[in-house]
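Working notes, structure below.
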Amino acid sequence: EGAVNRIAAGEVVERPASAVKELVENALDARATRVTVDIADGGRTLIRVTDDGHGIEAADLPLALSRHATSKIDGSDLLNIHSFGFRGEALASLGAVGRLTVTSRTAGAAEGATIRVSGGRMDPPRPAALRGGTVVELRDLFHATPARLKFLKSERSEGMAVADAIRRLAMAEPAVAFTLRDVSDGGERVLFRADGSDAAGRLALVLGRDFIRNAMPLDAARDGFHLGGHAGLPTFSRGNAVHQYLFVNGRPVRDRMLTGALRGAYSDVLAKDRHAVAALFLTCDPVLVDVNVHPAKTEVRFRDAGLVRGLIVSGLRHALAEAGH
Ligand code: ADP
Ligand code: MG
């Protein structure tokens, strides 16, 4: 079971940022209004996610940390997924690749409870002091798998990838307050902070007020798909694609087809080495898209990719034409 867990774990957890993404998604699924992420050494020695969500019952803690344990589907609504997580693999995977401690307290509970897993071995839950919500702490990621450890980049770039993951989730959930802190060497340096806001406020916070002044609002629809969000004017382009935020039904995704469509839309107005800044929100009936292509869930597969690409290219080109480009 330990070895099996470690294999599955590699699929879900490639680096600190993927662990952070899973843990923050769990916090969001638990209806948290405030999520705080602390990392040390780029997330390699410590990732701690604190939320004020509904918590986990003490009796359910061992199950939550087991493989294929999810409280989020009942089998009948696999296609109609509204929560972020639905595979029940993340916590078990994290417990297989690092030292994992989950402390939680539900609203009705007299006290909190904590449980620890290391190397896939679980201790029974113990009572713990906590006001409410959940704290998940992952220490020494990949300590038992030096080969994976070797593939991690510098602390700085792992930390940047964590910040990137947080920005994407923060953009997806504007009403939730997010804080990301670097607590390396006993310090406490705020890397990202966002108070709960509306979509426009969150967009301005993540991409800057200048972006709003230099962006085109999008509103296009075709055959059950809708494209919303904002795309930057060509004059506001960047030398890299870091600030391209893509969402499908409210989830952050990374998808070559979508990125390609974005690039294609600007091909006449941007030089090859320039990249548009954009936050694109694509929505559709969940049956038209498969978000479960890869365990890390950032790739998507559309039933009709050509249709989606066409919508993005024409929606953006229309907006560019309106703006005089
Ligand atoms: P999934 O999210 O796919 O269900 P996970 O392994 O990520 O699987 O989590 C397992 C279960 O643990 C979840 O279904 C949920 O019931 C519980 N859980 C995990 N994190 C939290 C959290 N932050 N708050 C409340 N419940 C949580
Ligand atoms: Mg999850």
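The values are calculated or read from the model by the stated rules, or taken from the named source; none is laboratory data. This one's a predicted model, so the numbers in the text were calculated from it and none came from an experiment. Quick reminder, even Gly has a Cβ in these numbers, built from the backbone with ideal geometry, and neighbours come from all protein chains shown.
In the set VAL277, VAL308, only one residue is buried (at least 19 other Cβ atoms within 10 Å of the Cβ), modelled with pLDDT of 95 or more and in contact with a Cys (Cβ under 9 Å, 6 or more places away or on another chain); that residue is VAL308. Would you point out which residue out of VAL293, VAL300 is closer than 21 Å to ASP223 by Cα and either touching a His at 6+ places or on another chain (Cβ under 6 Å) or modelled with pLDDT under 90 (or both)? Checking each option against the conditions leaves just VAL300. Is region 247-263 home to any residue that is touching a residue at least 40 places away in the same chain (Cβ under 8 Å) and more than 29 Å from ARG15 (Cα to Cα)? No - not one qualifying residue is present in region 247-263.
Assess whether SER83 counts as being closer than 16 Å to ASP51 by Cβ, at pLDDT below 90 and out of contact with any strand residue (DSSP E or B) (no Cβ under 7 Å at 6 or more places or on another chain). Break it down stepwise before answering.
Values: closer than 16 Å to ASP51 by Cβ: yes; at pLDDT below 90: yes; out of contact with any strand residue (DSSP E or B) (no Cβ under 7 Å at 6 or more places or on another chain): yes.
Taking the combined requirement at face value, the residue satisfies it.
Among the criteria (1) at pLDDT below 95; (2) more than 26 Å from LEU288 (Cβ to Cβ), the one VAL102 does not fulfil is (1). Of the candidates PRO174, PRO146, PRO124, the single residue that is in contact with a helix residue (DSSP H, G or I) (Cβ under 8 Å, 6 or more places away or on another chain), at pLDDT below 95 and more than 16 Å from ligand 1 (Cβ to nearest atom) is PRO124. If you filter region 28-61 down to residues that are more than 22 Å from ARG189 (Cα to Cα) and not in a loop (DSSP other than H, G, I, E, B), you find that the one that is nearest to the chain's Cα centre (by Cα) is LEU28. Does VAL20 qualify as being aliphatic (A, V, I, L, M), touching a strand residue (DSSP E or B) at 6+ places or on another chain (Cβ under 8 Å), away from ligand 1 (no atom under 11 Å from the Cβ) and in contact (Cβ under 8 Å) with a residue 24 or more places away in the chain? So VAL20 passes the test.
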